[in-house]
1. Could you go through the range 178-186 and let me know if any residue there is in a helix (DSSP H, G or I) and either at pLDDT 95 or above or over 18 Å from the mean Cα position of the chain (by Cα) (or both).
2. Scan the range 33-49 and report the pairs whose first residue is under 10 Å from MET267 (Cβ atoms) and in contact (Cβ under 8 Å) with a residue 24 or more places away in the chain and whose second residue is part of a helix (DSSP H, G or I) and among the acidic types (Asp, Glu), with Cβ atoms within less than 9 Å and a gap of 6+ or a chain change.
3. Taking the conditions exactly as written (surrounded by fewer than 17 Cβ atoms within 10 Å (Cβ to Cβ), among the acidic types (Asp, Glu) and either free of Cβ contacts under 8 Å to residues at least 40 places away in the same chain or over 22 Å from GLU223 (Cα atoms) (or both)), does GLU20 satisfy them or not?
4. Quick check on this structure: which one of GLY115, GLY96 is surrounded by fewer than 24 Cβ atoms within 10 Å (Cβ to Cβ), modelled with pLDDT of 95 or more and under 14 Å from the mean Cα position of the chain (by Cα)?
5. Could you tell me whether VAL239 is among the β-branched types (Val, Ile, Thr) and not in a helix (DSSP H, G or I)?
6. Return only the number of the condition from (1) farther than 27 Å from ILE58 by Cα; (2) part of a helix (DSSP H, G or I); (3) not acidic (Asp, Glu) that LEU244 does not satisfy.
7. Would you be able to tell me the number of residues in the range 196-241 that are under 19 Å from ILE58 (Cα atoms), free of Cβ contacts under 8 Å to residues at least 12 places away in the same chain and either surrounded by 20 or more Cβ atoms within 10 Å (Cβ to Cβ) or hydrophobic (A, V, I, L, M, F, W, C) (or both)?
8. Against the condition within 12 Å of LEU79 (Cβ to Cβ) and not aliphatic (A, V, I, L, M), how does GLY102 come out, does it pass?
Amino acid sequence: MNTTHRTPARAAVHAHTLSELYAAPEILRVVNVWDAVSARVVSELPGTRAIATAGHGIAASHGYPDGERIPLDLMLAALERIVDVSPHPVSADLDGGYDDAGETVRRAVGIGISGANIEDRLRPLDESVEVMTAAVRAAEAEGVRLALNARTDAFVLGGDRGVDANVADAIERGRAYLDAGATCVFVPGVLDAEVTGRLVEGIGERRVSVIGLPGALSAAEYEALGVARISYGPMPQNVALTALKRLAQDLQQDGVIPEGTEKLNDM
C-alpha cells in the first residue's frame, strides 16, 4: 500500500480541495465506502471527486454495531487502508469523536484524513461547540484546515418536538459550529424541499450537507436549493449486501453467476 498517503501534508492539500468542493455551485456527491476494495471501486469512477466513509458500514464490516462500539484503533486502521487506495480527499465518519474529538482528529489527520463528520448527539449546545472546536484546533495544530462536516442530530434525535423546533435547533447549532470553524453542517434526515430551503436560508448557501435516503430529494433537487454535499451513509453497503443476499439465494437454488459480472476485487 502507498504509505505516502498517510501524511498531514497530503491531508492539508486535500482538506483545501474538499472545502472548495463544498463551496462550489455543483453539489458534491459522495458515495460512502466501508473498506479498501469499496473505496478503490468508487475512486476509479470518472465522476468521483472525494471519498466519504460510513462509520456504520465500517463497524458492520468488522462485526460491530454502530455508535462507537468498534474500537478506535480498528476504525483508524480501516480508514488508513481506505486512504492508501484512493487518490481523492477522504472525509471520515468519526461518530461522536470517541470521547476526545481532538485526539481522534489528530490521529486521523496523521493517516491522511482531510475531512470528518462528528456528531453532536444533541448534547447541550456549549458542550457540542467545544467538541467541534477541539476537532478543528487539533487539525490546525497538525497544519491541516480540516473540512469538518459538523453533524447535528436535531432531526434524528428530535423526537416528537415538531419540525419547526427541529429546524430552529439545527440552524442555531449549525451557525455555532460554523463559528467554531466547521466547513459545513450535516443535517441527516429525510428533508423535503421546504425544510431544506429553511435550513439553507438559516445556515447558509453551500453550507448544508444532507443524506440521500429513500424518500429524500434527488441530488439535483438539493443542489438547486443551495445544498453543498449529499452522502448516503450505510445505504451503499446495504445495497451491496442486498445484492449478495439475492445472489446467494439464487445460487442455493442452482443458479449461476450472472453474465457480465466484473472482476472488481483485485487489490
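The values are calculated or read from the model by the stated rules, or taken from the named source; none is laboratory data. Given the structure is predicted, the values throughout are model-derived calculations rather than measurements. Here Cβ is always computed from backbone atoms with ideal geometry, including for glycine, and neighbour counts include all displayed protein chains.
1. Scanning the range 178-186 turns up at least one residue that is in a helix (DSSP H, G or I) and either at pLDDT 95 or above or over 18 Å from the mean Cα position of the chain (by Cα) (or both).
2. If the second residue must be part of a helix (DSSP H, G or I) and among the acidic types (Asp, Glu), the pairs left are ALA36/ASP84.
3. Yes, satisfied.
4. The match here is GLY96.
5. no
6. (1)
7. Selection size over the range 196-241: 2.
8. The answer is no for GLY102.
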